[in-house]
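The values are calculated or read from the model by the stated rules, or taken from the named source; none is laboratory data. Owing to the predicted nature of the structure, the values given are computational and were not obtained by experimental measurement. Please note: Cβ atoms are built from the backbone with ideal geometry, for glycine as well, and neighbour counts cover all protein chains shown. Accessible surface areas use protein heavy atoms only, side chains included; no ligands, DNA or RNA. Shrake-Rupley method; radii C 1.70, N 1.55, O 1.52, S 1.80 Å.
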2 protein chains.
Amino acid sequence: APEKSSWATSDPTQKSSSPPVTTQQRHVSSRGPPLHGPDTPKCRDRAFHFSVSKKMINCVTFPHPDTMPEQQLLKPTEWSYCDYFWADKKDPQGNGTVAGFELLLQKQLKGKQMQKEMSEFVRERIKIEEEYAKNLAKLSQNSLAAQEEGSLGEAWAQVKKSLADEAEAHLKFSTKLHSEVEKPLMNFRENFKKDMKNRYATVEKARKALTELQRDLEMKTQQLEIKLSNKTEEDIKKARRKSTQAGDDLMRCVDLYNQAQSKWFEEMVTTTLHLERLEVGRVEMIQQHLCQCTQLRHETDMFNQSTVEPVDQLLRKVDPAKDRELWVREQKMGNIRPVDMEI
Amino acid sequence: APEKSSWATSDPTQKSSSPPVTTQQRHVSSRGPPLHGPDTPKCRDRAFHFSVSKKMINCVTFPHPDTMPEQQLLKPTEWSYCDYFWADKKDPQGNGTVAGFELLLQKQLKGKQMQKEMSEFVRERIKIEEEYAKNLAKLSQNSLAAQEEGSLGEAWAQVKKSLADEAEAHLKFSTKLHSEVEKPLMNFRENFKKDMKNRYATVEKARKALTELQRDLEMKTQQLEIKLSNKTEEDIKKARRKSTQAGDDLMRCVDLYNQAQSKWFEEMVTTTLHLERLEVGRVEMIQQHLCQCTQLRHETDMFNQSTVEPVDQLLRKVDPAKDRELWVREQKMGNIRPVDMEI
């Protein structure tokens with residue numbers, strides 16, 4: 001079924017479209033509309049609140065474990081990549097961290113490599129089948145015992161014929177393995193590397209923007225803290241004015257930060273879902289082509305059985321008496337027997 | 001079934017024993033007991049009778065076509081060698097004649113050659129199967145894509161396992177081809193040549209004795225003819241005495257001749273029946289062993305199907321979602337999603 005495999009060479013990302021996960025789903029337990037503006041009066045409290053209720057991990061704001069609202073999974077039934085790779089992980093070598101997204105990418109690259117290796121494995125099989133077919137075909141052309149006669153001679157000729165058919169079946173097997181398995185497996189990910197590079201760049205860009213804004217945010221938060229620690233009354237008045245200014249700055253900065261984080265969130269969800277579809281596509285594609293291998297193998301045997309059958313039939317018909325009859329009819333040299341001489 | 005072929009290496013001549021054909025059957029239309037003795041009175045008439053009613057061909061006495069009594073075949077339903085090779089044939093090259101027995105011998109020798117060639121053919125097949133099995137086994141040891149994971153990884157491992165089983169099946173096929181087909185085919189006629197030589201010598205010896213006696217007989221017949229052509233009365237008296245003497249000599253000679261011919265007849269019948277049994281044995285033996293080839297071939301395929309099945313089953317069980325679940329369970333790095341920062 002060469003048609004079946006045609007989809008395999010097209011972009012697997014276009015195959016299934018899951019319902020999109022939107023930014024709204026970030027906060028599953030809804031707590032009403034966010035309350036921030038340039039001149040809200042509770043800057044300090046919020047700054048304090050911020051420091052205890054949120055946890056910044058690698059520039060990302062997570063809810064603080066102690067006060068964490070319940071978060072439902074985005075795709076509770078699917079063990080989806082988009083639900084399990086938000087955190088970073090210490091590198092096993094101890095230097096730096098690995099982002100969840102990175103681990104997903106590594107899996108993809110490994111999958112790509114596996115697919116390539118399977119294709120190579122199939123190519124080896126093809127070579128073996130080709131050589132086997134070639135040798136069988138050559139033997140079937142062999143003239144050994146070509147002069148056997150009678151019904152045995154017919155059966156013998158069929159033995160050779162069936163060998164030629166067997167060779168043909170294995171050659172067909174190898175040809176189909178090439179066109180229907182090896183090539184599709186090898187070609188499937190032609191655009192994979194470019195695609196992965198683009199997606200990685202997009203997610204990394206969003207992540208970097210977030211990092212920069214976090215640094216900005218930290219600076220502004222420190223500025224606010226310093227202002228409030230001054231003690232003289234004059235200073236306090238001055239500080240209050242400046243604090244309002246700094247508060248406004250901080251609010252704007254938080255806004256930008258949240259926007260950047262939202263952008264990153266979206267990229268993460270979109271891309272992990274994309275990786276997920278790629279992986280499903282890869283596995284299904286390999287599954288389908290390995291099934292095709294097995295199917296082709298079955299066909300090879302089936303075809304052989306149908307070629308072995310005529311040999312069986314002719315062999316069952318072999319009849320030395322009949323053969324002798326034919327030969328004697330042709331070769332006989334007189335059936336008058338000698339008699340005693342009489343005088 | 002290695003037991004089945006064990007008879008093949010034993011002497012096929014011991015296999016079937018046809019009812020023996022006796023010398024009595026030479027003259028099928030019975031004409032009463034032969035009437036010859038040393039002093040029967042009708043020598044001349046008989047000599048005359050002999051010259052017109054018998055036909056001597058290559059030293060053998062055949063009934064004369066014009067006065068031939070009806071001869072039934074010794075084995076009317078079997079196209080037996082013993083019924084059709086009593087005459088000699090002009091050599092196609094024109095020099096000399098070929099005895100019927102010689103043609104039978106040639107057929108045997110050709111049959112022996114055919115059997116040897118079939119054995120060689122099977123040996124070639126064995127080599128091909130061995131190499132195929134070796135290559136499949138080597139590929140099944142290959143580590144390509146060994147790191148594939150999940151249900152697909154299991155199916156892939158089974159693909160390799162089934163390849164090893166397939167290799168094993170073909171190796172078994174080649175081993176059995178060797179022990180159950182090639183060797184028996186090759187060994188069957190170990191004693192054939194010696195046997196043929198002995199039989200040929202016996203028949204030839206009988207034939208030669210016949211030839212010598214025929215020469216003797218001709219001489220004596222001529223002597224008798226000469227005696228009777230004398231004309232004077234005294235001579236006629238003398239001749240009658242001598243004639244009686246010569247007649248007696250001739251009678252004894254005819255007796256000896258008939259004994260020799262009878263001996264040759266017996267040797268011919270015995271040996272052609274033996275050759276016939278050899279030929280039946282050869283054909284049945286080859287038939288049986290080629291059937292064995294086909295049977296072994298079927299077994300190879302059947303075995304393959306049973307090894308391909310587990311691959312099929314595992315492939316049908318391949319489930320990207322399940323695989324992802326396993327991987328995510330193991331690798332997950334946090335399912336708490338970021339939230340907007342609030343101040």
Unique match (being modelled with pLDDT of 95 or more and open to solvent by 20 Å² or more (accessible area, probe 1.4 Å)) among A:Gln106, A:Gln141
A:Gln141
Please determine whether any residue of the stretch B:274-287 is β-branched (Val, Ile, Thr) and either touching a Pro at 6+ places or on another chain (Cβ under 6 Å) or surrounded by fewer than 20 Cβ atoms within 10 Å (Cβ to Cβ) (or both).
yes
Considering (1) open to solvent by 60 Å² or more (accessible area, probe 1.4 Å); (2) more than 11 Å from every other protein chain (Cβ to nearest Cβ); (3) in contact with a helix residue (DSSP H, G or I) (Cβ under 7 Å, 6 or more places away or on another chain), say which one B:Leu256 fails and leave the rest.
(2)
Which of the numbered conditions does A:Cys293 fail, given that it passes all the others? Conditions: (1) in contact with a helix residue (DSSP H, G or I) (Cβ under 6 Å, 6 or more places away or on another chain); (2) at pLDDT 80 or above; (3) closer than 30 Å to A:Leu163 by Cβ; (4) at the interface with chain B (Cβ under 7 Å from one of its Cβ atoms).
(4)
Of the residues in the stretch B:321-336, how many are charged (D, E, K, R) and under 20 Å from A:Glu70 (Cβ atoms)?
1
Find the residue count for the stretch B:327-341, including only residues that are of a type in the set (A, V, I, L, M) and buried (at least 20 other Cβ atoms within 10 Å of the Cβ).
3
Within the stretch A:144-154, can you find the residues that are within 7 Å of chain B (Cβ to nearest Cβ) and open to solvent by 70 Å² or more (accessible area, probe 1.4 Å)?
A:Gln147
Sort out which residues of the stretch A:116-138 are open to solvent by less than 70 Å² (accessible area, probe 1.4 Å) and more than 7 Å from chain B (Cβ to nearest Cβ), and write them in order of number.
A:Ser119, A:Val122, A:Ile126, A:Glu129, A:Ala133, A:Ala137
Please go through the stretch B:161-172 and give me each residue that is crowded, with 17+ Cβ neighbours inside 10 Å and either among the small types (Gly, Ala, Ser) or facing another protein chain (nearest Cβ under 8 Å) (or both), ordered by number.
B:Ser162, B:Leu163, B:Ala167, B:Ala169
Restricting the first residue to the stretch A:70-82 and requiring it to be over 15 Å from B:Met333 (Cβ atoms), which pairs with a second residue that is open to solvent by 40 Å² or more (accessible area, probe 1.4 Å) and β-branched (Val, Ile, Thr) meet a Cβ separation below 8 Å and a spacing of at least six or different chains?
A:Glu70/A:Val28; A:Gln71/A:Val28; A:Gln71/B:Ile336; A:Gln72/A:Val28
Residues that are open to solvent by less than 60 Å² (accessible area, probe 1.4 Å) and facing another protein chain (nearest Cβ under 7 Å), drawn from the stretch A:299-326:
A:Asp301, A:Asn304, A:Val308, A:Val311, A:Asp312, A:Leu315, A:Val318, A:Pro320, A:Ala321, A:Asp323, A:Arg324, A:Glu325
